Amino acid sequence: MNTFNKILIANRGEIAVRIMQTAKKMGISTVAIYSDPDKDSFHAKFADEAYNIGTADLSDSYLNYDKIINIAKQTDCEAIHPGYGFLSENPKFAAACEENNIIFIGPNSKAIKQMGNKIEARSLVLKLEIPMTESVSSESGNIVEECKKIPLPLLIKAAAGGGGKGMRIVNSYDELADAFESTSREALKYFGDGKVYVEQFIQNPRHIEIQIIGDKHGNCIHLFERECSIQRRYQKIIEESPSPTLTEEVRLKMGEAAVKIAKSINYSNAGTIEFLVDKNLNFYFLEMNTRVQVEHPVTEMVTGIDIVEEQIRIAAGNPLRFKQNEIKQNGHSIECRIYAENPAKNFIPSPGEITFYQEPAGNNIRVDSCTDKPIVIQSFFDPMIAKLVCWAETREKSIIKSKKALSEFIIHGIDTNISYLTELLDSVPYTTNNLSTKFCDENTSQILENIEKNKSELPTHIPVLAYLLYDLNFKKSNNDLNSIWNQIGYWRDIISYRLKSYNTEFIFNLINKNKTTYNLLFGENMLSPEIHSISKGMVRFSLNNKIYSAFISVNAMQLAFVTIEGHTYEVNRLDVLEELTSYSALHQGSGNVSNSITSPMPGKVIKINVTENQEVKKGNVLIIVEAMKMENNITSPRDCKIEKINVKTGEMVETSTIMISLTE
């Protein structure tokens with residue numbers, strides 16, 4: 001078997017670690033690259049060697065292929081694996097690797113160019129007589145007039161795009177001009193190509209993709225399908241295999257169509273053919289991704305094939321080890337993407353410091369993560385933290401296992417979508433397979449209501465009590481030293497502990513304590529919690545014959561996070577002489593407050609829509625800030641006048657930066 005001695009991974013985060021795991025299994029040394037914000041990252045430490053590639057600016061680091069290739073040459077790497085995103089579908093990068101005698105672990109630059117550009121790909125597939133929707137490209141004459149020949153709604157997409165970036169739905173022809181501008185800008189930023197195309201948007205479709213693998217010897221097979229219909233902002237958050245939608249007949253036809261497309265361009269390495277499927281199970285070619293997909297683990301779990309290993313073997317010149325009739329789907333796998341985001345606020349990204357991190361574990365539970373401990377989630381990158389993948393014999397059992405694993409996935413300090421994913425998996429539309437790409441749009445309100453309902457089933461004093469027991473017994477830290485009672489002396493017989501959770505104050509009066517049992521007067525009730533065990537970040541106690549396990553962490557502002565039964569609560573002590581004003585200021589949110597406009601998160605100003613002294617209306621978009629691969633439109637809170645603009649396009653801003661000052 002041909003193999004490599006050393007490869008460079010031109011990526012970061014969980015996919016870099018995942019590639020390194022397989023490379024090490026194969027006895028191949030790995031080289032990581034990292035930007036300044038990633039200097040202490042998991043992927044940099046996991047590699048055999050790691051080198052700084054540049055600043056937080058992506059064009060200076062993960063998108064700078066001259067630097068990447070130079071490091072590969074200096075470290076005697078024979079090949080480069082690009083992962084997904086960044087340069088993975090950049091034909092110029094693949095060509096540069098070829099020119100420098102470095103093997104690109106992926107298709108050749110010609111195939112990437114053919115299929116990576118959505119306009120060229122559609123032209124090629126049309127000749128193969130595979131169904132697709134009507135479309136028109138920005139290279140057409142008057143694109144607005146051409147678009148009017150296509151029935152509404154329309155979908156504008158980056159020609160060189162992928163990963164849900166560079167996409168806009170248009171419900172009126174009057175919206176086209178603005179949509180073209182924003183989509184083209186985003187496409188140029190993320191893919192280096194501002195070209196866009198427009199296609200008919202199929203209402204409530206299924207999004208189903210076929211995993212294909214080809215070698216350099218003319219062989220090509222598919223590894224069946226993945227259902228990827230659960231999306232928000234055009235990005236998938238839950239994937240599963242096999243699809244609960246397809247019949248065996250349609251599954252066979254889609255697999256054959258995918259292989260036909262790949263063979264028509266002599267495709268080599270891993271790739272994915274994506275289709276839209278309507279309610280009658282008619283399928284339409286959507287695009288091809290010429291790289292490994294984020295969701296590849298669900299296919300690995302049901303086929304038993306390590307896709308990254310096959311990528312490396314094929315790139316080294318080896319033929320495929322499998323024939324089509326040898327590939328079987330076994331059981332059912334579900335992948336949940338864990339994001340740093342707030343579903344209750346339109347999934348806005350939530351960068352910041354993780355104060356507690358614990359992954360679930362068990363048979364047929366897999367976690368691909370960007371970390372193995374608490375870290376700071378930077379605003380420069382995509383907000384995905386990890387992928388949880390669970391396998392079981394049936395879809396029903398896989399859902400149950402996934403929900404249990406999610407309840408054991410503990411992340412404190414930032415907002416995440418863990419509770420959202422749990423409720424989604426438990427929702428009737430999901431369990432009954434009533435799916436479409438509009439699922440999140442149609443069900444998020446109900447999911448959020450269910451989260452709050454289930455969270456409220458736990459008596460409000462339980463997480464507060466859990467934190468108090470933990471704080472009194474484990475830490476013995478500054479809270480005890482700074483306690484009001486330590487400062488002024490216990491001049492009363494009864495010690496009173498005051499805590500706050502959200503907007504409610506809780507007072508527990510200590511009557512007495514006997515080893516691990518406390519007698520606390522809470523209102524008119526006597527509570528007698530008994531501590532069963534306590535360790536760093538965890539307390540287990542019983543109250544009224546029920547046992548609770550609580551995971552606990554505290555951030556720099558002394559705000560505690562308590563997770564019980566899969567839900568997380570915020571608590572802080574009021575009987576501690578601790579200055580919390582800085583934390584309160586930090587969490588006031590973005591600036592549509594008073595006369596100052598700030599950003600909802602650290603980011604980069606990409607467009608300013610107003611000038612000083614200009615009069616604006618409530619809801620007008622004043623400024624656009626990009627953070628975590630998402631454009632955020634900052635709007636005017638009321639009718640007013642622009643007094644001063646304090647930032648420039650291209651400037652990095654913090655949440656405390658006053659970007660625009662308003663006046664009446």
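What follows is calculated from the coordinates using simple rules that are stated; it is not laboratory data. Since we're looking at a predicted model, the values are computed, not measured. Here the Cβ positions follow ideal geometry from the backbone for every residue, glycine too, while neighbour counts run over all protein chains shown.
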Cleavage-rule hits, GluC sites (Glu not before Pro), segment 147-202, DSSP coil, Cβ neighbours within 10 Å at most 10: none
Residues 664, 643, sorted so that the one with the fewest Cβ neighbours within 10 Å comes first: 664, 643
Mind giving me the nanometre distance, one decimal, between the label points for residue 595 and residue 524, set 7 Å out from Cα along Cα→Cβ? 5.2
Let me know the charge dipole size of the chain about its Cα centre in debye, to the nearest 20, where only the beta-carbon of Lys, Arg (+1) and Asp, Glu (-1) is charged. 800
Put +1 on the Cβ of each Lys and Arg and -1 on the Cβ of each Asp and Glu in segment 134-200; which of 160, 136, 179 then has its Cα farthest toward the positive end of the dipole? 160
What three numbers, in Å, describe the spread of the alpha carbons of the chain along their principal axes, ordered from the longest? 87, 64, 55
For segment 420-479, with only Lys/Arg (+1) and Asp/Glu (-1) charged at the beta-carbon, what is the dipole magnitude about the Cα centre, in debye rounded to 20? 360
Leading residue at positive end of dipole, the chain (Cβ point charges), from 362, 104, 407: 362
In µm²/s, what is D for segment 6-105 at 37 °C and 0.692 mPa s, where D = kT/(6 pi eta Rh) by Stokes-Einstein and Rh is the Kirkwood radius from Cα pairs? 252
Toy charge model, Lys and Arg Cβ at +1, Asp and Glu Cβ at -1: segment 6-105 dipole around Cα centroid in debye, rounded to 20, equals 320
³J(HN,Hα) across segment 388-397 via Karplus (A = 6.51, B = -1.76, C = 1.60, θ = phi - 60°), whole Hz, x for Gly/Pro? 9, 10, 10, 10, 8, 5, 9, 5, 4, 5
In the chain, if the dipole is taken from +1 on Lys/Arg beta carbons and -1 on Asp/Glu beta carbons about the Cα centre, which of 533, 283, 3 is farthest to the positive end? 3
Quick note on 38, 174, 639, 426, ordering by fewest other C-beta atoms within 10 Å, gives 174, 639, 426, 38
In nanometres, what is the gap between the two model label sites at residue 149 and residue 56, each 7 Å from Cα along Cα-to-Cβ? 4.7
Sorted by Cβ neighbour density within 10 Å, fewest at the top, the residues 36, 382: 36, 382
Residues residue 256 and residue 442, FRET efficiency given R0 of 25 Å [Cβ-Cβ distance, rounded to 0.05]: 0.15
Can you tell me the length gained on complete extension of the stretch residue 173 to residue 128, counting 0.36 nm per residue apart and subtracting the Cα distance? 13.1 nm
In order over segment 311-325: 3J(HN,Hα) from phi, Karplus 6.51/-1.76/1.60, θ = phi - 60°, whole Hz, x for each Gly or Pro, gives 4, 5, 4, 5, 4, 7, x, 7, x, 4, 8, 10, 9, 4, 6
For the pair residue 248/residue 651, report the inter-label distance in nm, with labels modelled 7 Å from Cα in the Cβ direction. 6.5
Cβ-based net charge around residue 516, under 13 Å, with every Lys or Arg adding one and every Asp or Glu removing one: +2
So for segment 211-363, using the alpha carbon gyration tensor with a ≥ b ≥ c as root eigenvalues (a/c under 1.5 gives rounded; past that, a/b versus b/c decides prolate or oblate), I'd call it prolate
Which percentage, to the nearest 5, of the DSSP beta bridges contained in the chain is antiparallel? 90
